[in-house]
Every structure is written in structure tokens, then in C-alpha cells.
Amino acid sequence: MNRQPVQIEAPAQAAEVMLGGAQLQEQALDLDCSGCRLRLRSNSARLIERLRGYFAHIVSTDGAPDMEVIAIDGPVLELANRFIDWRREPGKMGRKDAYVELPGARLIRKVRTGMLFLQSQQWRIAAGPCQRYDNQLINFINAQYMNWLQQRGWLICHASGLVKQGRVLAMAGLSGGGKSTLMLQLLEQDDIGYLTNDRLFIRRGARGVEARGIPKLPRINPGTIVHNPRLEPLIPAARRAELLALPNEQLWEIEEKYDVDVERFYGAEHIQHEGVLQGFLVLNWRRGSSEPLVLQRVELAQRRDLLGAIMKSPGPFYQFADGHFLGDEDPLDAQAYLELLRETPVWEASGGVDFAGLSRRCHDELLA
């Protein structure tokens with residue numbers, strides 16, 4: 001007998017419907033995100049073990065959790081509520097997130113997959129095909145750490161980050177600009193460590209501007225993989241041959257995500273959790289251009305176009321410490337970024353795309 005979709009009116013009701021009487025596994029997964037302790041519980045032992053492998057470098061065995069995330073693996077959960085589309089950032093196309101406001105809570109639906117999330121100060125629940133779409137569950141877990149950081153004064157940047165002897169180089173650019181490819185090329189250097197893929201957090205501290213990443217593996221497209229011999233095992237040989245036969249422009253545009261296990265491919269010593277911000281690099285080069293690479297220092301206050309590539313909305317999961325939520329039309333505080341980065345060198349890479357040349361200059365000059 002099919003049930004009619006339920007109209008959710010309150011967070012406790014949402015939690016009850018999403019939990020659905022599921023039996024949670026006795027074994028939980030505890031994570032230590034640089035002082036923020038998270039516990040994952042689920043009805044699926046297989047899901048817990050999958051994420052234990054993904055988060056292996058931050059698995060914890062002691063200390064009470066600051067918060068708990070519950071993942072209920074099951075079918076897409078239909079509700080009678082009318083969800084509102086979350087407005088995408090400029091340049092982003094298509095529907096991604098939709099939400100329903102509840103008293104002190106928010107329900108978020110992933111439009112493409114149907115995954116449902118309850119975000120509140122008491123409940124943090126994911127429900128739906130969690131094993132199939134485990135990357136969205138990983139993002140939800142990371143969203144809790146991101147909230148924890150921002151509630152403590154950290155600013156979110158749309159940037160990747162690498163570390164050399166405690167110094168961090170942040171790299172920003174438009175989507176598809178090549179920052180993941182550049183980052184992985186730099187990781188080939190023995191003295192370079194991985195901090196974060198595309199969510200970087202910064203805050204002023206005793207040593208200068210401190211930088212932190214989130215525990216998310218680089219998630220890259222085939223165009224980044226096929227020309228990197230170290231990463232060849234990520235794609236079957238037949239598929240790799242198909243991709244190499246494509247024109248470069250077409251290869252660059254393919255959206256087909258693969259996770260790069262940094263410990264497996266580069267070694268556990270290459271994963272770092274924080275450092276002091278040494279500089280910010282913004283990729284503003286052009287694919288297909290025959291012009292030489294140009295790397296020059298810029299004043300961010302005079303280049304608001306580059307600032308736009310650095311700033312990042314916290315998104316629909318962000319809940320302030322007092323319990324209220326961010327709105328999709330709430331403006332970003334550009335002045336806060338300018339003030340925090342006022343003394344940080346900012347570099348613009350323009351001209352034609354030259355990964356080898358820029359990688360060399362990043363290592364020898366920007367991280368010197």
C-alpha cells in the first residue's frame with residue numbers, strides 16, 4: 001500500500017519521518033576535523049565502512065562528539081511540501097538545491113538525486129539513496145564542519161590550497177579554469193602537501209592569516225586525469241583511449257567526476273590540515289590562446305572581478321550560531337575579504353594556459 005506524501009510542519013516531525021523507524025547500526029564513525037568532533041550514525045554498515053575509508057586520515061577513537069550526523073540509506077523520500085529553488089550563483093546553470101523553511105530548521109532537497117537533508121541545531125539527518133550518492137552525504141558532513149568554522153569567524157573562499165613548509169598557496173578561478181589540474185601537478189613535488197580542493201577557510205591569527213581546508217578529496221574530471229600518468233588507474237584503459245581521441249576543447253568540458261585518494265596516489269604525508277596563507281593565485285587565463293603565460297601581482301581592491309572568483313556563498317546549509325539561516329539573496333561581505341587579504345600577495349595568471357610553466361613558478365616563486 002502506497003503512502004501519501006507527508007506535509008512537514010516542524011523539525012521533530014521531519015526527523016521522525018526521515019528516520020522512518022530505521023534501526024541504526026551500533027558501530028558509529030567518529031571524525032576529528034581539527035578540533036570539531038563529528039559522529040556519523042547510519043542504518044547501513046556498508047555505508048559507514050565506505051566513509052571510514054574516505055575519511056581515514058581524520059578518523060578518531062576518543063572524545064565526545066560536538067555534533068551527530070545520521071544517514072538513512074533508502075529510497076527517495078517524497079514529501080507534500082512545496083520546495084523553493086535555491087538561487088544559483090552567477091554563471092551557474094540548472095537547478096541544484098531546493099529548500100523548505102521550518103521553525104529553527106531547513107529541509108534541503110538535491111534536485112537531481114532526490115536526496116533529502118534536515119539541517120538544524122538539534123537534527124542533522126540525510127535520507128535517501130545515500131550509498132548511491134555518497135558524495136552528497138560527504139558534502140553534508142563537511143557542511144557541518146564548515147558551519148562550525150564560519151560560526152567561529154572563518155571566511156569561506158572558493159579556492160584550492162597547497163602547503164609547503166607550513167605556508168599555504170590558495171588558488172582560485174572560474175569553474176573549469178584548471179585549478180584542480182594545477183594543484184595535482186604541484187603535488188608531484190615531494191615538499192608540497194594537499195590542503196583542500198575548492199573550499200578554503202581563512203581567519204586572522206597570531207601568525208598572520210591562517211588557512212584551513214575541509215576533509216574532502218579532490219574531485220576531478222577526465223581532462224585532468226588522462227594526461228597525468230600517476231592517476232591513470234582511475235580510468236579503465238579503454239575509456240582513457242576514447243577520451244584521448246577527443247579534441248582538447250571537448251575533453252575539457254566533460255563532467256564525469258572521480259575522487260583522487262591523496263594517500264593512495266601521493267602518500268599520507270601529503271595531507272595537511274592548516275597553515276599560514278602565503279599568497280592567493282587567481283587563474284584568469286584563456287583556453288586556446290596562443291599568448292604566453294603572464295603572472296603578475298595585483299591589488300585586489302582595484303580588481304573586484306578577481307575578488308568575485310575568491311568569495312563564496314556558504315550556501316543553503318549554513319546556519320548561524322543564533323539558529324537563523326542564510327538566504328540565497330543575502331549579499332557577501334566583500335569588505336571583510338578585502339580587509340583580511342589586505343596584506344596577502346594576490347597574483348593573477350593571464351594569457352594562455354600553461355600548466356607546466358605556472359606549476360614551476362608557483363613552486364619556485366609564490367611558495368618560495
Flag for residue 349 being loosely packed, with under 12 Cβ neighbours inside 10 Å and either outside the structural domain of residue 204 (by TED's automatic domain parsing) or not basic (Lys, Arg) (or both)
no
Could you please find all residues in segment 76-92 being under 25 Å from residue 8 (Cβ atoms) and loosely packed, with under 15 Cβ neighbours inside 10 Å?
76, 78, 80, 82, 84, 85, 87, 88
If we scan segment 64-72, do we find a residue that is buried (at least 19 other Cβ atoms within 10 Å of the Cβ), touching a residue at least 60 places away in the same chain (Cβ under 8 Å), within 28 Å of residue 25 (Cβ to Cβ) and touching a strand residue (DSSP E or B) at 6+ places or on another chain (Cβ under 7 Å)?
yes
Take the residues of segment 93-124 that are without any contact (Cβ under 8 Å) to a residue 60 or more places away in the chain and farther than 20 Å from residue 19 by Cα: which is surrounded by the most Cβ atoms within 10 Å (Cβ to Cβ)?
98
Hey, can you tell me all the residues within segment 23-70 that are among the hydroxyl-bearing types (Ser, Thr, Tyr) and within 18 Å of the chain's Cα centre (by Cα)?
34, 54
Check 229, 222, 215 and return the single one that is over 22 Å from residue 338 (Cα atoms) and modelled with pLDDT of 90 or more.
215
On the given criteria, is residue 320 surrounded by fewer than 19 Cβ atoms within 10 Å (Cβ to Cβ) and among the aromatic types (Phe, Trp, Tyr)?
yes
May I ask you to list the residues in segment 1-33 that are touching a helix residue (DSSP H, G or I) at 6+ places or on another chain (Cβ under 8 Å) and not hydrophobic (A, V, I, L, M, F, W, C)?
25, 27, 32
What are the residues in segment 238-292 that are among the small types (Gly, Ala, Ser), over 30 Å from residue 134 (Cβ atoms) and surrounded by fewer than 19 Cβ atoms within 10 Å (Cβ to Cβ), if any?
245, 288, 289, 290
Of everything in segment 334-368 that's at pLDDT 95 or above and among the aromatic types (Phe, Trp, Tyr), which residue is farthest from the chain's Cα centre (by Cα)?
347
Taking strands (runs of 3 or more DSSP E) that fall entirely within segment 183-263, which contain at least 1 residues that are on the phi > 0 side of the Ramachandran plot and of a type in the set (Gly, Ala, Ser)?
208-212
Subset of segment 146-166 [surrounded by fewer than 22 Cβ atoms within 10 Å (Cβ to Cβ), over 13 Å from the mean Cα position of the chain (by Cα) and under 23 Å from residue 262 (Cα atoms)]:
164, 165, 166
Which count do you get for residues in segment 145-182 that are closer than 24 Å to residue 32 by Cα and either polar (S, T, N, Q) or in a loop (DSSP other than H, G, I, E, B) (or both)?
10
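The values are calculated or read from the model by the stated rules, or taken from the named source; none is laboratory data. This one's a predicted model, so the numbers in the text were calculated from it and none came from an experiment. Neighbour counts run over all protein chains shown; Cβ positions are idealised from the backbone, glycine included.
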